[in-house]
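Here is the structure we will look at.
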Amino acid sequence: MRVRLSPSFTIFAFAISLFATIRTDAAVANEPEKIAGPNACAECHKQETEAWKGSHHFKTFREMPRNLEANKIAQRMGVRRIRAESLCLNCHYTVQKKDDKDEPIAGVSCESCHGSGKEWIKLHSSYSGKTAQTETSAEKAQRWKLAEAKGMIRIHAIYQLAKNCYGCHVVPNEALVNKGSHQAGSPFELVSWSQGEVLHNTWYSKGKANVPANAARKRMLFLVGLGVELEMSLRAVAKATTRKAYAFLMAQRVDRARKQLAVAAKNAPNVPEIAKMVELAHSAGLKLNNERLLAIAADGVSKLIVSMTDKYDGSSMAGLDSMIPGPEKFKGTPRKPAAIN
Ligand code: HEC
Ligand code: HEC
Ligand code: HEC
Ligand code: HEC
């Protein structure tokens, strides 16, 4: 990958970080021993599974090992077998522990986004041992609370869902980008990337429709998405140690996100957290070996996102609508539900 270093970015190589890593931010923390696998989900979630099967997330499992570019990247990284070494597995596959061995069983699948499922799969669907009709609302609340405590990422948890997307799609790995020439992440945006081929809101409609996010939810997806882009790209810059493509491209991501957030802050002045995120994003220099300060900024952004998701539901943020990508920008098309349930 060839990159022209823009003079507007100064990435200094002389500051040496004396501080230990505060926290890892690596993407998806799937635990192979807790993976139930997409076939287990498919027993009940047939429509959702069909939608997933039409996505790049599904196809990467079969296609990656045959992909010429993938093999070149792997070779440059010293990875001999893409499906047997963890570097590529982290983001392209779902890995399950079988007979004491880690085995890739699928591409990016249900649990890559909703959390490793073994400990909550029975629980979330059990209606507390009753039926959907006889379970009390207190029991239902308790069931969801327990499922979440066991690691389930539900649909209201936009921040956690988004963090998984960006954890993979920012590609916060310096060696993979600089040495492997892997793309430095995707030009990711949460509304347009979640409402196309990835959309599978067919469960609560009982398979009658693949229901797109409504206006209020779209605003939350958009805003939280921008916040997480900022958080994850700050963390990615924090890991930059050499003046090469990775440092530059990740710094560029931060700059783009904070510019967009500055516009959002103007459009939604009733949401003061947005301007605070922008301020934080300017509080740490986008330079090499600046891990401590950049991580502090990222942690601050994270707290602001959490407080926004606690406080708002998007209904008061119509000011953002002009910024939100429309269907013509969606990545792929949503699957139409068909009679298979
Ligand atoms: C035995 C059937 C069954 C299996 C297997 C199953 N689910 Fe579910 N799932 C349900 C039911 C039932 C609900 C809705 C519960 C309700 O309405 O309170 C649900 C709801 C959900 C929801 C929506 C949660 C929300 O926020 O409302 C998600 C996400 C989900 N399941 C993911 C999964 C994943 C991922 C797997 C595999 C690891 C899985 N399910 C396996 C039956 C199942
Ligand atoms: C941090 C997460 C991450 C890691 C680690 C990772 N990838 Fe990727 N990879 C991605 C994402 C995200 C995309 C692009 C998705 C998009 O924008 O379409 C991608 C795209 C690709 C593509 C181009 C898309 C295609 O299938 O044609 C190839 C090839 C690829 N990766 C190979 C590899 C190989 C080989 C490894 C291991 C050496 C690896 N990746 C490790 C996240 C990752
Ligand atoms: C790429 C991440 C990702 C993958 C992979 C994924 N989901 Fe989801 N899922 C989401 C997101 C995000 C939502 C909420 C979408 C929205 O807000 O429009 C969701 C919503 C759902 C819902 C609620 C649907 C409704 O009617 O509202 C269910 C059930 C569900 N997923 C189950 C599954 C199952 C089962 C799989 C695997 C076959 C799966 N998901 C794969 C991210 C994912
Ligand atoms: C475990 C890592 C991982 C997670 C989590 C993840 N993705 Fe992906 N995604 C990938 C990889 C890798 C590819 C590229 C697959 C390929 O083409 O080989 C991809 C491809 C895509 C594509 C297709 C892009 C194209 O080029 O057309 C979309 C859309 C997408 N992801 C959206 C999402 C959304 C939305 C979320 C969160 C709700 C999400 N992804 C979560 C790894 C991930």
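The values are calculated or read from the model by the stated rules, or taken from the named source; none is laboratory data. This structure is a prediction, so every number in the text was calculated from the model and none was measured. No Cβ is skipped: glycine too gets one built from the backbone with ideal geometry, and neighbour counts run over all protein chains shown.
Please work out which residue is farthest from Cys91 (Cα to Cα), limiting yourself to the stretch 49-69 and to residues that are away from ligand 4 (no atom under 13 Å from the Cβ) and buried (at least 18 other Cβ atoms within 10 Å of the Cβ).
Looking at residues that are away from ligand 4 (no atom under 13 Å from the Cβ) and buried (at least 18 other Cβ atoms within 10 Å of the Cβ), I get Glu50.
Inspect the stretch 301-315 for any residue being crowded, with 18+ Cβ neighbours inside 10 Å, of a type in the set (Ser, Thr, Tyr) and not in a helix (DSSP H, G or I) and give the result as yes or no.
Yes - at least one qualifying residue is present in the stretch 301-315.
For Trp120, indicate whether it is more than 17 Å from the chain's Cα centre (by Cα), of a type in the set (Phe, Trp, Tyr), more than 16 Å from ligand 4 (Cβ to nearest atom) and crowded, with 19+ Cβ neighbours inside 10 Å. Even if it seems obvious, please write down each step before you answer.
On the way: more than 17 Å from the chain's Cα centre (by Cα): yes; of a type in the set (Phe, Trp, Tyr): yes; more than 16 Å from ligand 4 (Cβ to nearest atom): yes; crowded, with 19+ Cβ neighbours inside 10 Å: yes.
So Trp120 passes the test.
Tell me yes or no: at least one residue of the stretch 109-116 is surrounded by 21 or more Cβ atoms within 10 Å (Cβ to Cβ) and acidic (Asp, Glu).
Among the residues of the stretch 109-116, at least one is surrounded by 21 or more Cβ atoms within 10 Å (Cβ to Cβ) and acidic (Asp, Glu), which makes the answer yes.
Considering only the stretch 144-161, I want to know if a residue exists there that is over 15 Å from Ser116 (Cβ atoms) and of a type in the set (S, T, N, Q).
no
Across the stretch 197-213, what is the number of residues that are among the aromatic types (Phe, Trp, Tyr) and within 10 Å of Gln47 (Cα to Cα)?
Here the count works out to 1.
When the residues of the stretch 35-48 are filtered to those that are buried (at least 20 other Cβ atoms within 10 Å of the Cβ) and under 16 Å from Asn210 (Cα atoms), which remaining residue is nearest to ligand 4 (Cβ to nearest atom)?
Glu48
Wholly within the stretch 198-299, which helices (runs of 4 or more DSSP H) include no fewer than the required count, namely at least 1 residues that are within 16 Å of ligand 3 (Cβ to nearest atom) and either of a type in the set (Gly, Ala, Ser) or modelled with pLDDT under 95 (or both)? It would help to see each step written out before you state the result.
Values: elements: 215-238, 245-267, 272-281.
Passing ranges, in order: 215-238.
Would you confirm, using the coordinates I've provided, whether Lys336 is touching a residue at least 40 places away in the same chain (Cβ under 8 Å) and under 24 Å from Asn210 (Cβ atoms)? Break it down into steps so the answer makes sense when it comes.
Working: touching a residue at least 40 places away in the same chain (Cβ under 8 Å): yes; under 24 Å from Asn210 (Cβ atoms): yes.
Taking the combined requirement at face value, the residue satisfies it.
Quick check on the stretch 164-184: of everything there that is more than 10 Å from ligand 4 (Cβ to nearest atom) and under 13 Å from the mean Cα position of the chain (by Cα), which residue is surrounded by the most Cβ atoms within 10 Å (Cβ to Cβ)?
Pro172
Hey, Val211 hits all of (1) surrounded by 15 or more Cβ atoms within 10 Å (Cβ to Cβ); (2) over 30 Å from Thr241 (Cα atoms); (3) within 11 Å of ligand 4 (Cβ to nearest atom); (4) of a type in the set (Val, Ile, Thr) but one; which does it fall short on?
(3)
Residue-wise test of (1) away from ligand 3 (no atom under 15 Å from the Cβ); (2) in contact with a strand residue (DSSP E or B) (Cβ under 9 Å, 6 or more places away or on another chain); (3) not in a helix (DSSP H, G or I).
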residue: Arg83; (1), (2), (3): yes, yes, yes
residue: Leu89; (1), (2), (3): yes, yes, no
residue: Thr131; (1), (2), (3): yes, no, yes
residue: Lys140; (1), (2), (3): yes, no, no
residue: Arg154; (1), (2), (3): no, no, yes
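In the set Ala257, Ala236, Ala298, Ala318, which member is among the small types (Gly, Ala, Ser), surrounded by 21 or more Cβ atoms within 10 Å (Cβ to Cβ) and within 22 Å of Ala213 (Cβ to Cβ)?
Working: Ala236 fails: within 22 Å of Ala213 (Cβ to Cβ); Ala298 fails: within 22 Å of Ala213 (Cβ to Cβ); Ala318 fails: surrounded by 21 or more Cβ atoms within 10 Å (Cβ to Cβ).
Just a single option satisfies the conditions, and that option is Ala257.
Return the residues of the stretch 44-70 that are near ligand 3 (Cβ under 10 Å from one of its atoms) and in contact with a helix residue (DSSP H, G or I) (Cβ under 6 Å, 6 or more places away or on another chain); say none if nothing qualifies.
Result: Thr49, Trp52, Phe58.
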